[in-house]
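Worksheet for the structure shown next.
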There are 2 protein chains.
Amino acid sequence: MIETDPKYYVDGVLEGNRKALSKTITLIESALPSHQKLTHEVLDALLPHTGNSIRLGITGVPGVGKSTFIESLGLRLIEEEHQVAILAVDPSSAKSGGSIMGDKTRMEKLSADPRAFIRPSPAGRTLGGVARKTRESILVCEAAGFDVVMVETVGVGQSEYSVASMVDFFLVLLLAGAGDELQGIKRGIIEIADAIAVNKADGNNIENAANAKAAYENALHMMAPASPVWQPPVMTCSALTMTGIDAIWHNVLEHRHLMQQAGEFDRKRREQAMDWFLYLLDEGLKEWFYQLPDVKEMLPGIRRQITDGRTTAMAGARRLLETLSTMLQNDS
Amino acid sequence: MIETDPKYYVDGVLEGNRKALSKTITLIESALPSHQKLTHEVLDALLPHTGNSIRLGITGVPGVGKSTFIESLGLRLIEEEHQVAILAVDPSSAKSGGSIMGDKTRMEKLSADPRAFIRPSPAGRTLGGVARKTRESILVCEAAGFDVVMVETVGVGQSEYSVASMVDFFLVLLLAGAGDELQGIKRGIIEIADAIAVNKADGNNIENAANAKAAYENALHMMAPASPVWQPPVMTCSALTMTGIDAIWHNVLEHRHLMQQAGEFDRKRREQAMDWFLYLLDEGLKEWFYQLPDVKEMLPGIRRQITDGRTTAMAGARRLLETLSTMLQNDS
């Protein structure tokens with residue numbers, strides 16, 4: 001049963017009540033228009049209590065050891081009195097039936113600890129939808145008092161870019177590969193990393209990991225850093241031997257400190273909010289446009305003509321956009 | 001004086017008449033609604049005669065020797081009986097007053113040759129506008145019989161991405177730098193390159209260029225190639241000593257051959273056309289939306305509230321999008 005009183009959610013979240021927090025996120029994830037309306041009311045009320053966490057994004061291909069890494073880091077942080085929330089963005093999970101962190105046993109110790117909150121990836125067919133829900137969930141976790149929010153994603157499609165645009169620090173986990181072709185890492189992912197960590201640097205793998213670290217350092221040095229105050233470091237770590245985890249966390253804090261000192265931290269968050277606003281506007285506008293009866297009727301034929309080279313992209317777009325000028329005339 | 005009969009442009013271009021070609025591009029560049037309408041008629045008529053050129057994009061920061069490189073390659077190609085057109089995308093030129101290739105004397109020999117056609121960057125305040133004009137100009141050059149169309153851009157803002165999305169092959173020119181921080185090359189640019197050429201590999205610079213080549217090769221090998229049939233090569237060249245220019249051209253041809261064989265060539269062009277269609281739709285839709293009276297009135301205040309943290313991106317977008325649902329109700 002879903003509560004319909006916004007006060008239930010707002011008060012519960014602000015008190016740090018886990019059940020209310022979970023229910024609020026369930027509300028966010030609901031597609032029902034009435035729930036969406038309620039979500040908006042709840043989020044508007046929670047807004048003044050948001051923004052106070054360290055938002056940490058973590059990505060890596062399956063098998064890189066993300067869950068174990070996140071559990072190790074999470075356990076370290078709750079020891080230091082942090083309140084840690086873990087969310088996921090995984091648009092593939094809906095299709096595959098699986099979900100990153102769908103099985104909480106993958107973070108057995110952490111999920112049993114009352115100082116941590118773990119929420120699997122919401123269902124959703126589009127990355128945009130999943131990302132929207134996760135963004136809103138970050139705010140709710142902050143309002144509930146969590147001061148570290150980790151957002152996990154698997155490196156599929158565009159999900160890393162989406163997660164990077166909602167966090168303060170974006171960490172890319174990699175494995176040491178066999179020489180050159182390191183796990184087919186997508187070009188461009190290094191571009192958005194605030195740090196790279198070569199995971200599973202333990203046992204026989206220590207030397208491989210050190211070599212991979214050097215190779216990635218070279219690759220990073222070939223590129224201009226995204227911020228003038230931060231050159232993304234390459235590190236090694238092992239969740240198994242708990243090596244390097246502290247160093248990574250100190251990096252996150254150092255990054256925050258330098259960014260705040262340079263005024264870049266607030267600037268980045270403001271930019272992210274504005275980008276998100278423009279993105280939502282754009283998405284909402286397209287959603288509205290593509291369900292207009294005229295557009296729905298004409299679009300398939302025009303697409304076919306463009307693919308077959310029977311019309312230009314320009315002419316096709318023009319024909320569809322005429323729908324709008326007609327509408328304006330009707331309206332005025 | 002601008003001709004108003006579409007036949008003048010269409011016939012002239014199809015005959016390969018330079019004056020008609022120039023005038024058609026001037027028409028494309030005009031912002032007047034009546035000219036835009038005429039442009040559409042002309043392009044629709046020319047469409048069946050387009051698509052038959054090798055579309056080659058070339059980028060590099062100022063000072064890398066782009067003009068000299070393009071002139072050398074262009075002269076080589078007209079010797080081989082190619083018809084070469086050179087266009088530019090440079091959204092910065094309108095602001096700075098300067099323009100890449102604005103001064104044709106930078107390609108003195110080539111511009112004097114009747115087998116080549118050189119057109120400076122169109123004026124325009126936005127990259128989108130400049131890119132649109134250049135895309136349409138490519139089609140017109142093809143209809144006029146040019147079988148190689150080069151599109152030059154300076155690595156500013158997003159212009160490289162824009163050019164990469166309208167060509168078959170995207171070449172990035174670089175210089176050998178002093179070690180690590182090579183000319184502050186943007187991360188991400190390597191991602192869209194089909195080849196990288198280290199220019200000015202002559203005289204005392206030959207060794208530096210070879211070292212830079214090796215360094216970029218390493219960086220490229222760290223990343224998965226964009227196409228399964230093509231691993232972007234790194235080359236060196238000198239327009240001064242005419243070294244490496246042929247090798248680059250053979251690379252362009254080899255790339256075309258492999259892509260065609262794998263069916264990737266047509267697929268890429270179709271995708272580019274569809275992306276362009278969706279982009280134009282999106283841009284047209286936004287243009288229409290942002291000049292709606294309600295939106296114009298509300299937008300500045302909502303932006304301010306988001307920047308100040310007084311409202312969320314979600315709530316702000318929602319308020320603006322309500323304008324649309326009202327409109328639908330009026331319309332039905």
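Below are the figures for this structure:
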{"read-out": "Any chance A:Arg269 is under 23 Å from B:Ser165 (Cα atoms) and either facing another protein chain (nearest Cβ under 9 Å) or surrounded by fewer than 18 Cβ atoms within 10 Å (Cβ to Cβ) (or both)", "value": "no"}
{"read-out": "Checklist (1) outside the structural domain of A:Ala226 (by TED's automatic domain parsing); (2) touching a Phe, Trp or Tyr at 6+ places or on another chain (Cβ under 9 Å) applied to A:Asn251, failing item", "value": "(1)"}
{"read-out": "Entirely in the range B:254-332, the helices (runs of 4 or more DSSP H) that have 3 or more residues that are of a type in the set (Asp, Glu)", "value": "B:264-290"}
{"read-out": "Some residue of the range A:230-247 being part of a helix (DSSP H, G or I) and open to solvent by less than 10 Å² (accessible area, probe 1.4 Å)", "value": "yes"}
{"read-out": "Residue check for A:Lys109: under 13 Å from the mean Cα position of the chain (by Cα) and either among the β-branched types (Val, Ile, Thr) or modelled with pLDDT of 75 or more (or both)", "value": "no"}
{"read-out": "Tally of residues being without any contact (Cβ under 8 Å) to a residue 60 or more places away in the chain and exposed (fewer than 15 other Cβ atoms within 10 Å of the Cβ) across the range A:42-52", "value": "1"}
{"read-out": "Odd one out for A:Gln83, checked against (1) open to solvent by 40 Å² or more (accessible area, probe 1.4 Å); (2) within 14 Å of A:Ile248 (Cβ to Cβ); (3) modelled with pLDDT of 95 or more", "value": "(2)"}
{"read-out": "Matching entry among B:Ala209, B:Ala201 (being more than 9 Å from chain A (Cβ to nearest Cβ) and not in a helix (DSSP H, G or I))", "value": "B:Ala201"}
{"read-out": "Residue that is surrounded by the most Cβ atoms within 10 Å (Cβ to Cβ) [pool: residues in the range B:218-229 that are within 10 Å of chain A (Cβ to nearest Cβ) and out of contact with any Phe, Trp or Tyr (no Cβ under 8 Å at 6 or more places or on another chain)]", "value": "B:Ala219"}
{"read-out": "Verdict on B:Thr236 being without any contact (Cβ under 8 Å) to a residue 40 or more places away in the chain and in contact with a strand residue (DSSP E or B) (Cβ under 7 Å, 6 or more places away or on another chain)", "value": "yes"}
{"read-out": "Residue in the range B:276-298 that is farther than 30 Å from B:Leu56 by Cα, in contact (Cβ under 8 Å) with a residue 12 or more places away in the chain and either more than 12 Å from chain A (Cβ to nearest Cβ) or of a type in the set (S, T, N, Q) (or both) present", "value": "no"}
{"read-out": "Any hit, the range B:243-252, residues being within 14 Å of chain A (Cβ to nearest Cβ) and out of contact with any helix residue (DSSP H, G or I) (no Cβ under 8 Å at 6 or more places or on another chain)", "value": "no"}
{"read-out": "Scope the range B:5-33; condition open to solvent by 70 Å² or more (accessible area, probe 1.4 Å) and either free of Cβ contacts under 8 Å to residues at least 12 places away in the same chain or touching a strand residue (DSSP E or B) at 6+ places or on another chain (Cβ under 6 Å) (or both); matching residues", "value": "B:Asp5, B:Lys7, B:Glu15, B:Lys19, B:Ala31, B:Leu32, B:Pro33"}
{"read-out": "Restricting the range B:117-132 to residues that are part of a helix (DSSP H, G or I) and away from chain A (no Cβ under 14 Å), the residue that is modelled with the highest pLDDT", "value": "B:Val130"}
{"read-out": "Residue satisfying all of: in the range B:55-66; in contact with a strand residue (DSSP E or B) (Cβ under 9 Å, 6 or more places away or on another chain) and open to solvent by 10 Å² or more (accessible area, probe 1.4 Å); farthest from B:Met150 (Cα to Cα) among these", "value": "B:Gly63"}
{"read-out": "Search result, residues across the range B:109-118 that are touching a residue at least 60 places away in the same chain (Cβ under 8 Å) and buried (at least 20 other Cβ atoms within 10 Å of the Cβ)", "value": "B:Phe117"}
{"read-out": "Pair list, Cβ under 7 Å, 6 or more apart: the range A:303-323 residue at the interface with chain B (Cβ under 7 Å from one of its Cβ atoms), other residue basic (Lys, Arg) and loosely packed, with under 15 Cβ neighbours inside 10 Å", "value": "A:Thr307/B:Arg270"}
{"read-out": "Residues (open to solvent by less than 10 Å² (accessible area, probe 1.4 Å) and modelled with pLDDT of 85 or more) located in the range B:177-196", "value": "B:Ala193, B:Ala195, B:Ile196"}
{"read-out": "Single unsatisfied condition, B:Leu77 versus (1) in contact with a Leu (Cβ under 9 Å, 6 or more places away or on another chain); (2) farther than 21 Å from B:Glu160 by Cβ; (3) surrounded by 17 or more Cβ atoms within 10 Å (Cβ to Cβ)", "value": "(1)"}
{"read-out": "Pairs with Cβ under 7 Å, 6+ apart, first in the range A:59-75 and closer than 10 Å to A:Val154 by Cα, second part of a helix (DSSP H, G or I)", "value": "A:Thr59/A:Glu160; A:Thr59/A:Val163; A:Gly60/A:Lys66"}
{"read-out": "Tally, over the range B:31-60, of residues that are of a type in the set (Lys, Arg) and not assigned by TED's automatic domain parsing to the domain that holds B:Ile196", "value": "1"}
{"read-out": "The one condition in (1) open to solvent by 50 Å² or more (accessible area, probe 1.4 Å); (2) within 11 Å of chain B (Cβ to nearest Cβ) that A:Ala262 fails to fulfil", "value": "(2)"}
{"read-out": "Within the range B:145-176, tally of residues that are surrounded by fewer than 24 Cβ atoms within 10 Å (Cβ to Cβ), farther than 19 Å from B:Ile192 by Cα and at pLDDT 85 or above", "value": "3"}
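The values are calculated or read from the model by the stated rules, or taken from the named source; none is laboratory data. This structure is a prediction, so every number in the text was calculated from the model and none was measured. When we count neighbours, we look across all protein chains shown, and the Cβ atoms used for this are built from the backbone with ideal geometry, even at glycine. Protein only, heavy atoms only, side chains kept; ligands, DNA and RNA dropped before computing areas. Shrake-Rupley method; radii C 1.70, N 1.55, O 1.52, S 1.80 Å.
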